[in-house]
Amino acid sequence: MIDPSTIQKIFDTADIYEVVSDFVSLKKRGVNYVGCCPFHNEKTGSFTVSPAKGIYKCFGCGKGGNAVNFIMEHEQLSYVEALRWVAAKYNIIIEEKELTESEKQEQTERESMLIVTNYAEKFFTYQLWHTDEGKSIGMSYFHHRGLDDKNIEKFGLGYCPEAWDSFTKNALEKGYKKEFLLKTGLTVASEKGLFDRFRARVIFPIRDLAGKIIAFGGRIMTSDKKSAKYLNSPESEIYHKSRTLYGIYFAKKSIVQNDRCFLVEGYLDVISFHQQGIENTVASSGTSLTVEQIRLIRRLTSNVTIIYDGDAAGIKASLRGIDLILEEGLNVRIVSLPEGEDPDSFAQAHTAEEVLEYISKHETDFINFKTQLLLEQAGNDPIERAKLITDIVRSISLIPDLITRSVYVRETAGQMQVEESVLYNEILRLRRKKSGDNAQIAYKLPARQQSKEILTPAKLGGVASCDTEEIVLIRYMLQFGTEVLYEDVHDGIRCAVTVGEYIISELAEDELLLLNPQLRKIQQEYRTCCKQMPDFSPARYFTAHPDPDISSVVADILSEPYELSKMWMLLDTTLRSEESMLTELLPKVVDNYKMKRIEILCKEADNKILECQNTGNMDELMEWVKKKNAMVKVRIQLNEKLKRTI
């Protein structure tokens, strides 16, 4: 693990302008810099970099954060990987905490295996480009498949000679250890000795999200019928097939920019799409789609279009993956290519515009896809049609979002001419069965479908209803937190009370935690830092926060233009700075937030009272009436403080 002091040094050294300008053309505008956002397509620059605050913010797509956040988002790296990237840029030596012996061994083993795979890629590419065998067999094959030199080089394609131990012998002579050649699967041990796993094959290096070579795929170039046509590296410490997508490193930026991922099946499918300029394409590498692969996509986009072969096997593969994608909350669409075509051949035979146009015209949601496919099999048989409906409903039941489920229920009911209530009941049964606990399922039919209309508690606004007020409070803590608000006397000693301390104490007095989970975390951590860090600088501390969600929220808050309420501006007819009005303004900001929370509690009490009236629970009803009366008294007091008319 990276030592905390080293992390702080990285943040202190990193210049947001220098980091971002490596990827974005920036022009100075006042104290800030402006350019076109690298995270979405735009012609007019709405991407702002503030060196003074150490943050970036796009007012078009909403992304924002510090220098490390930017590298995480742009390069799709983990937090630690992004820290290392920034440290390398500024030649900062990474100091790590003391590792246990097992941790040291594991880290050394992984690094050694990655060194071996990196060397292997160089060996294979050299064989392809610079040897007679490689050029006559490997390069000829790639050219025959329609690949150009640019993309052959981009994907690091290579060739392993037909000799039994050409790579292994060369690697051992170069000093690479037999142990790691075997662990990576590049070399296989037998009774006759060591031999190359990928002998006589063209090579497809497999990279992880950060671009590290973790494995290889190889297609045989001989007519040996006993050998598999395609062969992959075995599972290892650095390679887990179920967690890897071929082409993800080269596709990640395009997936983010287009907010969409095309999912195909094989290596050549990916490369052919990329060659046409459709770079937001990855492959499951001929395996059934896994949850880990879907979650890898979800880090980049929530929209997936599956493009598998137009044959029966390809269609079945699509069906297997659909339910997994739905269950992870992604939006999935399916494209069936013409019979006899696969993504590779289709991309080779058409321009990028033609491919995208075909996808646009023929992609369909999973309901239409399943309905069209399975209706052909069901025909007019009512039992088969019932099975089809059950199959579709099972897929819908996997969708975590209630609103999305409701939309699909309505669509299915219309297409299959079935009552929505029937589908809802079946979904409820399936979700209960899956959870194993009926009490945990908070799924109800829409009111119009219930047999008897009853009064139910209205859905509370919850976090969203207080977001604005909570953001204002956090902004004051970040921007003016260390400013002295007033002086107080404790035990005869005069002490200064800062803006941050005032807000924290006022909220603590009424035992109020902010409703927004990220803002609540800032509130709680702020309280701790005030006590433990004598030189605590709120904006600096939270802008460089190790949690990217927190630092991103802080960047949003500090970069958004806020205006004072007209009511607060009436405090003074002259134009005064917000900072000079803190003494008058802040108590009203805090009381305004407390009023909002009281209003939410009053609504909750009203809902409970209605609920008790419906159920006839008079004892609980009286308790809630008492609570409501107490809340009303507090609301009256706050109204008086805020000089409101009741």
- Residue-normalised accessible area of the chain, expressed per residue, 1.4 Å probe, Å²: 52 Å²
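Would you mind classifying the chain by shape? Square roots of the alpha carbon gyration tensor eigenvalues, ordered a ≥ b ≥ c; an a/c under 1.5 is rounded, otherwise it is prolate if a/b is larger than b/c and oblate if not.
oblate
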- Phi-derived 3J(HN,Hα) across the range 225-240 with the Karplus relation (6.51, -1.76, 1.60, θ = phi - 60°), rounded Hz, x for Gly and Pro, is 6, 7, 8, 5, 4, 10, 9, 10, 4, x, 4, 8, 4, 9, 10, 10
- Tabulate in residue order the Karplus-calculated ³J(HN,Hα) for the range 359-369, using 6.51 cos²θ - 1.76 cosθ + 1.60 with θ = phi - 60°, rounded to whole Hz; enter x for Gly and Pro. 4, 4, 7, 10, 6, 9, 6, 5, 5, 4, 4
- Message: Taking loop as defined by DSSP and a crowding limit of 16 other beta carbons within 10 Å, which trypsin sites (Lys or Arg not before Pro) in the range 217-283 fit?
- Response: Lys225, Lys226, Lys229
- Mean residue ellipticity (222 nm) of the chain, computed from DSSP H runs ≥ 4 via -39,500 (n - 2.57), nearest 500: -16500 deg cm²/dmol
- Task: Collect residues whose amide H, placed 1.01 Å from N in the peptide plane, falls under 5 Å from the amide H of Cys36; neighbours closer than 5 in sequence don't count.
- Result: Ser25
- Message: I want the antiparallel fraction of DSSP beta bridges within the chain, as a percent rounded to 5.
- Response: 75 percent
- Selection from Ala605, Asn151, Trp85, by position along the positive dipole direction of the chain (Cβ): Ala605
- Query: Using alpha carbon centroids, what distance separates the range 467-543 and the range 604-623, in Å?
  - Reply: 38 Å
- Quick one: compute the contact order of the chain, relative version, from alpha carbon pairs under 8 angstrom and 6+ residues apart, as a percent. 9 percent
- Task: Anything over 22 Å Cα to Cα? Flag those among Lys122/Lys178; Lys89/Lys177; Lys122/Lys174, in the order listed.
- Result: Lys89/Lys177
- To the nearest 20 debye, what is the magnitude of the charge dipole of the range 21-83 about its Cα centre, counting +1 on the Cβ of each Lys and Arg and -1 on the Cβ of each Asp and Glu? 420 debye
- Between the helical axis of 517-532 and the dominant principal axis of the chain, each derived from Cα atoms, what acute angle in degrees is found, rounded to the nearest 10? 70 degrees
- In the chain, with Lys and Arg counted as +1 and Asp and Glu as -1 at Cβ, which of these residues, Cys36, Val393, Ser272, has the Cα nearest the positive end of the dipole, that is, farthest along it? Val393
- Message: Can you give the FRET efficiency to the nearest 0.05 for Glu623 and Asp467, using r as the Cβ-Cβ distance and R₀ = 35 Å?
- Response: 0.70
- Within the chain, cysteines having no neighbouring cysteine beta carbon under 4.7 Å are Cys36, Cys61, Cys160, Cys261, Cys466, Cys495, Cys529, Cys530, Cys602, Cys612
- Item | Percent accessible area from carbon and sulfur atoms, the range 42-82, protein chains only, probe 1.4 Å | 54 percent
- Query: Shape call for the range 596-646 from the C-alpha gyration tensor, a ≥ b ≥ c root eigenvalues: rounded (a/c under 1.5), prolate (a/b greater than b/c) or oblate?
  - Reply: prolate
- If every Lys and Arg gets +1 and every Asp and Glu gets -1 at its Cβ, then about the Cα centre the chain yields a dipole, in debye to the nearest 20, of 620 debye
- Determine the shape class of the range 138-241: with a ≥ b ≥ c the square roots of the Cα gyration tensor eigenvalues, call it rounded for a/c under 1.5, and otherwise prolate if a/b is greater than b/c, oblate otherwise. oblate
- Message: Give me, ordered by chain and number, the residues 5 or more places off Phe216 or on other chains with an amide H under 5 Å from its own placed amide H.
- Response: Ile206, Ser233
- Message: For the full complex of protein chains and a 1.4 angstrom probe, list Trp624, Trp164 by accessible area with the highest value first.
- Response: Trp164, Trp624
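The values are calculated or read from the model by the stated rules, or taken from the named source; none is laboratory data. None of the values given here were measured: they were computed from a predicted structure. Every residue, glycine among them, receives a Cβ derived from its backbone with ideal geometry; neighbour counts consider all protein chains shown. Areas reflect the complete protein model, heavy atoms only, side chains present, ligands, DNA and RNA absent. Shrake-Rupley method; radii C 1.70, N 1.55, O 1.52, S 1.80 Å.
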